[in-house]
Amino acid sequence: MKKKTTKKSAIARRSFIKNAAVASSIFIIPRHVLGGVGYTPPSDRLNLAAIGAGGKGSSDIKNASVNGRENVVALCDVDFAGSAKRSIENFPNAKLYNDYREMLDKEKDIDAVTISTPDHVHGPAAKYAMDRGIHVYVQKPMTHNIREARILTELAREKRIVTQMGNQGGSNPLLKMVQKWVDKKRIGKISKVQVWTNRPVWPQGGAMQQSDASQKPKDLYWDLWLGPAPAMPFTPKLHPFNWRGWWNYGTGALGDVGCHLIDIPFRTLGLKYPTSAECSVGSVYTQMWNADYHPEGCPASSFITLNFAKTKKTRSPIEMTWSDGGIRPAHPDIIPANDDIGGKDSKNGVLIIGSKGIISTNINDSSPLMPKLYLNNGKTEFGPEVEKNDEPEYGHQRKWVDACKAGFNSAEHKALTSSFDYAGPMTETVLMGNLAIRSYMLRKENSKGQMEFFARKKLLWDGENTRITNLEEANQFVGRTYRQGFEV
């Protein structure tokens, strides 16, 4: 029978883990001599758990375990009959839970968790773990809304939590090539960035399917899947993937790949909060003259403009445009007509446009970054189109685990590419696009009894205070309401 671990002893153990590097320096006999080459003493192994063990969660917890170097003690998922079965196979000794709250309350030895759930659970699960002193790795987007991102960013500092968001491309070493081009002012004065994607690649822009409780899979804990969202009967096809197109659960195309694509210029140009946002969305007509109206879901396509104040690297304000639904920018004249812009077939990409040239890159996930420099004088410089990766996802999860063991504010922690100090403001920028989309769809009845869209304007953003200053109704989308037990 396993000895019960008290909260006090669990905290003491975490403190020991964080200071293991210092303590190990006083050992007379090296540990690898005692245990053989590659031996890791049990006291130096991090106790890991996964919240969301299927889909992307299966690779997140596997990569965090570093080929068994670390100890996976528990797995949480609302449907272990689905793709989470892979995690059970990988970690047969891990305890299984359906409710992350129960897992974190019972398993006192957990040092760190990976959170790879649908977007709407990221914030509640991360806060629940952080409040208990547990380090967190959270899939992108870091949170479902701007308010949650700000809360978690501040909480990480307050409680000295080691954090990392799952935009693994931030750890891609080829980003240094793009940063070098900008830092050396190869493309001159930068004032414009264009970002685009072929997402959504899931159903989006129409009416939600009707609920049908009779179709609920027997192994799915639907109420736990809903988490902070309003209670409703089981609705087919939302789980495991199509939730992305509905605001109660997902964050649309921006939430899916915005933290990969926008990360490149945000990081490279040293951007912070945008100063304004405006958008337009594609209309779908299933009857003459009357566009379909489904404000509960993300649109089939959108075009968003975000403005930023100048930074040390740009020397002028930046206009960033985002387009999704397969809409992409025009092909720049200095890029040969037969060259792709961005990635393969120009499906996803980033153009950083300066007075002397353009930088073109692919999406920044685990796809080849394909950095390319085109100068007005005809000169070019290209990075490799095929990347050699020494470890999965550029070691993004492993580096977080190493930082957890080294401790808050350690060199390993400061070297992380997407700790919440960075990922928080970047996620807020991504989610500002969604705030603009949802505001664009606001309407009310006018004096003639007609429905009128009243918020289709440029929204002015006070980033420090997380408020739209010129349209109060838009501020309802800064946060959300929560079901009891899942608050943030």
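Structure summary
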| quantity | calculated |
| --- | --- |
| Failed item, numbered, when residue 67 is tested on (1) outside any loop (DSSP other than H, G, I, E, B); (2) surrounded by fewer than 24 Cβ atoms within 10 Å (Cβ to Cβ) | (1) |
| Condition met for residue 199 (surrounded by 17 or more Cβ atoms within 10 Å (Cβ to Cβ), of a type in the set (D, E, K, R), in the same structural domain as residue 463 (by TED's automatic domain parsing) and not in a helix (DSSP H, G or I)) | yes |
| Options 409, 376: the member that is touching a strand residue (DSSP E or B) at 6+ places or on another chain (Cβ under 6 Å) and either in the same structural domain as residue 133 (by TED's automatic domain parsing) or touching a residue at least 12 places away in the same chain (Cβ under 8 Å) (or both) | 376 |
| Residue tally, condition more than 22 Å from residue 143 (Cβ to Cβ) and either of a type in the set (A, V, I, L, M, F, W, C) or crowded, with 16+ Cβ neighbours inside 10 Å (or both), over the stretch 233-253 | 2 |
| Residues of the stretch 285-318 satisfying the condition of being of a type in the set (S, T, N, Q), in a strand (DSSP E or B) and surrounded by 13 or more Cβ atoms within 10 Å (Cβ to Cβ) | 302, 305, 307 |
| The stretch 208-231, subset more than 26 Å from the chain's Cα centre (by Cα), part of a loop (DSSP other than H, G, I, E, B) and not hydroxyl-bearing (Ser, Thr, Tyr), residue surrounded by the fewest Cβ atoms within 10 Å (Cβ to Cβ) | 218 |
| Residues within the stretch 75-91 that are closer than 21 Å to residue 223 by Cα and of a type outside the set (Phe, Trp, Tyr), tallied | 10 |
| Tally of residues being of a type in the set (Val, Ile, Thr) and touching a residue at least 60 places away in the same chain (Cβ under 8 Å) across the stretch 307-334 | 4 |
| Tally, over the stretch 128-151, of residues that are of a type in the set (A, V, I, L, M, F, W, C), more than 20 Å from residue 248 (Cβ to Cβ) and in contact with a Ser or Thr (Cβ under 7 Å, 6 or more places away or on another chain) | 1 |
| Selection status of residue 126, crowded, with 24+ Cβ neighbours inside 10 Å, assigned to a loop (DSSP other than H, G, I, E, B), touching a helix residue (DSSP H, G or I) at 6+ places or on another chain (Cβ under 6 Å) and modelled with pLDDT of 95 or more | no |
| Selection from the stretch 272-284 of residues that are of a type in the set (D, E, K, R) and assigned to a loop (DSSP other than H, G, I, E, B) | 272 |
| Qualifying residue in the stretch 386-399 (condition: farther than 22 Å from residue 350 by Cβ, small (Gly, Ala, Ser) and without any contact (Cβ under 8 Å) to a residue 24 or more places away in the chain) | no |
| Options 78, 113, 121, 72; residue that is surrounded by 22 or more Cβ atoms within 10 Å (Cβ to Cβ) and in a loop (DSSP other than H, G, I, E, B) | 78 |
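Condition check ((1) under 16 Å from residue 424 (Cβ atoms); (2) charged (D, E, K, R); (3) at pLDDT 95 or above) across all residues:
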{"position": "94", "(1), (2), (3)": "no, no, yes"}
{"position": "97", "(1), (2), (3)": "no, no, yes"}
{"position": "114", "(1), (2), (3)": "no, no, yes"}
{"position": "137", "(1), (2), (3)": "yes, no, yes"}
{"position": "140", "(1), (2), (3)": "yes, yes, yes"}
{"position": "152", "(1), (2), (3)": "yes, no, yes"}
{"position": "156", "(1), (2), (3)": "yes, no, yes"}
{"position": "170", "(1), (2), (3)": "yes, no, yes"}
{"position": "175", "(1), (2), (3)": "no, no, yes"}
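So that you can scan it fast, the table gives a plain yes or no per residue for (1) over 27 Å from residue 140 (Cβ atoms); (2) assigned by TED's automatic domain parsing to the domain that holds residue 278; (3) among the acidic types (Asp, Glu):
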{"site": "431", "(1), (2), (3)": "no, yes, no"}
{"site": "436", "(1), (2), (3)": "no, yes, no"}
{"site": "444", "(1), (2), (3)": "yes, yes, no"}
{"site": "456", "(1), (2), (3)": "yes, yes, no"}
{"site": "467", "(1), (2), (3)": "no, yes, no"}
{"site": "472", "(1), (2), (3)": "yes, yes, yes"}
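The values are calculated or read from the model by the stated rules, or taken from the named source; none is laboratory data. In this text the structure is predicted, and so the values were computed from the model without any measurement. Positions of Cβ are generated from backbone atoms using ideal geometry, with glycine treated the same way; all protein chains shown enter the neighbour counts.
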